[in-house]
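Below: the structure, in structure tokens.
The values are calculated or read from the model by the stated rules, or taken from the named source; none is laboratory data. The model shown is predicted, which means the values in this text are computed figures rather than measured ones. All Cβ positions, even for glycine, are placed from backbone atoms using ideal geometry, and neighbour counts span all protein chains on display.
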Ligand code: SAH
Ligand code: MG
């Protein structure tokens, strides 16, 4: 796939949960504003957000555990001639720290399993540079995070929503970061490391 539109169409047809337009705009605006040199992305899927970030000028290291997604991302990144700008790490992000621990990141973009955001945050924020920041996607989770009554949903979905809400609460109260929540797209946050 050689155009952004093709990537988007593929994602739609194959139910790949790529970032929404408004969320992507927020992410790219942040990149244009703060000029992170190196970004860590947790959750590659087909490479859509990684390709967009690289086209905005950053270097990206992105982690994906699904072999099909990983292969597809590699192919798409090659089609865009971005293999120098994007490194895809094939691993569960819960286990990828040893593979990237010597790198420093100016931005961490968390967009993988929603129930594990706290784990990803705790694992990878030690790799943030001094002026580093963290952006998270899907914090509204299709509006479900604001619902009081979740009894019609499955136990695993309810557990995921609970974890996501707890993550947001802890993020807001984290003394090491100043966090802004933005209800664009599927709900985004940006957290600036305090100095
Ligand atoms: N950032 C992408 C979308 C990612 S969708 C974009 O906006 O274009 C979430 C992806 O995270 C899926 O491909 C899923 O396989 C992957 N994922 C979920 N949990 C993961 C984990 N623990 N480690 C690595 N990848 C994970
Ligand atoms: Mg997302």
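Keeping to region 122-138, report how many residues are part of a helix (DSSP H, G or I) and exposed (fewer than 14 other Cβ atoms within 10 Å of the Cβ). Show your work before the answer.
First, the residues of region 122-138 that are part of a helix (DSSP H, G or I): 122-127.
Still in the running and exposed (fewer than 14 other Cβ atoms within 10 Å of the Cβ): 122, 126.
Residues that pass the stated criteria total 2.
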Close pairs (6 angstrom Cβ cut-off, 6 or more residues apart or separate chains): closer than 18 Å to residue 188 by Cα in region 138-159, assigned to a loop (DSSP other than H, G, I, E, B) anywhere: 138/186; 139/187; 140/186; 140/187
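Residues are listed down the side, and each one gets a yes or a no for (1) within 16 Å of ligand 2 (Cβ to nearest atom); (2) at pLDDT 95 or above; (3) under 21 Å from residue 188 (Cα atoms); (4) in contact with a strand residue (DSSP E or B) (Cβ under 6 Å, 6 or more places away or on another chain):
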| site | (1), (2), (3), (4) |
| --- | --- |
| 78 | no, yes, no, no |
| 92 | no, yes, no, no |
| 110 | yes, yes, yes, yes |
| 118 | no, yes, yes, no |
| 128 | no, yes, yes, yes |
| 134 | yes, yes, yes, yes |
Number of the exception - residue 141 against (1) within 17 Å of the chain's Cα centre (by Cα); (2) assigned to a helix (DSSP H, G or I); (3) more than 12 Å from ligand 1 (Cβ to nearest atom); (4) at pLDDT below 95: (2)
Answer residue from region 164-186, given it is in a loop (DSSP other than H, G, I, E, B) and touching a helix residue (DSSP H, G or I) at 6+ places or on another chain (Cβ under 7 Å) and is surrounded by the fewest Cβ atoms within 10 Å (Cβ to Cβ) among those: 184
Test: residue in region 12-27 that is in a helix (DSSP H, G or I), more than 16 Å from ligand 2 (Cβ to nearest atom) and under 27 Å from residue 142 (Cα atoms): yes
